[in-house]
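Asker: Take a look at the following structure, please.
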Amino acid sequence: MTTLVPIELIASKIYLMRSVKVMLDKDLSELYGVETKVLKQAVRRNIDRFPADFMFELTKEENQSLRSQNVTLKRGQHSKYLPFAFTE
């Protein structure tokens, strides 16, 4: 049985970065029910299947800015790797 995800939940995971609406790898992996590491590996293995503007990696500054906006982030919930941002 497929469970529908409320649109409000999805909308709350959309950020505006570099003038583009994006979802972060951690949020997409949560929606798909897979580990972030697995999602990123699958994308890297199949990168030729996607358009050039499909995703980008956040800079250190963008990541820090995003983390400072999400004050509810718990200790240990951040990765040592910069997140991917996926476009619409």
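Asker: I'd like to know if segment 47-60 contains one or more residues that are without any contact (Cβ under 8 Å) to a residue 60 or more places away in the chain, within 29 Å of T3 (Cα to Cα) and in a helix (DSSP H, G or I).
Answerer: Scanning segment 47-60 turns up at least one residue that is without any contact (Cβ under 8 Å) to a residue 60 or more places away in the chain, within 29 Å of T3 (Cα to Cα) and in a helix (DSSP H, G or I).
Asker: Of all residues being among the small types (G, A, S) and at pLDDT below 75 in segment 69-88, which is farthest from R18 (Cα to Cα)? Just the residue, please.
Answerer: Within segment 69-88, the subset among the small types (G, A, S) is 76, 79, 85.
Checking the rest, the ones that are also at pLDDT below 75 come to 76, 79.
On the way: G76: 27, S79: 21 Å.
Only one residue tops the list, namely G76.
Asker: Now for a separate question. Looking at the structure I just gave you, is K60 over 10 Å from the mean Cα position of the chain (by Cα), modelled with pLDDT of 90 or more, of a type in the set (K, R) and closer than 16 Å to E88 by Cα? Show your work before the answer.
Answerer: Numbers: over 10 Å from the mean Cα position of the chain (by Cα): yes; modelled with pLDDT of 90 or more: yes; of a type in the set (K, R): yes; closer than 16 Å to E88 by Cα: no.
Criteria not met by K60.
Asker: Name the residues in segment 7-41 that are within 19 Å of L58 (Cα to Cα) and of a type in the set (A, V, I, L, M, F, W, C), would you?
Answerer: I14, L16, M17, V20, V22, M23, L24, L28, V38, L39 - these are the residues of segment 7-41 that are within 19 Å of L58 (Cα to Cα) and of a type in the set (A, V, I, L, M, F, W, C).
Asker: Same structure again: Mind listing whichever residues of segment 8-44 are in a helix (DSSP H, G or I) and touching a residue at least 60 places away in the same chain (Cβ under 8 Å)? It would help to see each step written out before you state the result.
Answerer: Here is the first cut: in segment 8-44, the ones in a helix (DSSP H, G or I) are 8-12, 25-32, 36-44.
Selection gives D25 alone.
Asker: Something else now. Within segment 10-25, does at least one residue satisfy the condition of being farther than 15 Å from P83 by Cβ, of a type outside the set (A, V, I, L, M, F, W, C) and surrounded by 10 or more Cβ atoms within 10 Å (Cβ to Cβ)?
Answerer: yes
The values are calculated or read from the model by the stated rules, or taken from the named source; none is laboratory data. Everything numeric in this text was worked out from a predicted model, so none of it was measured. With ideal geometry, Cβ positions are generated from the backbone for all residues, glycine too; neighbour counts draw on all protein chains shown.
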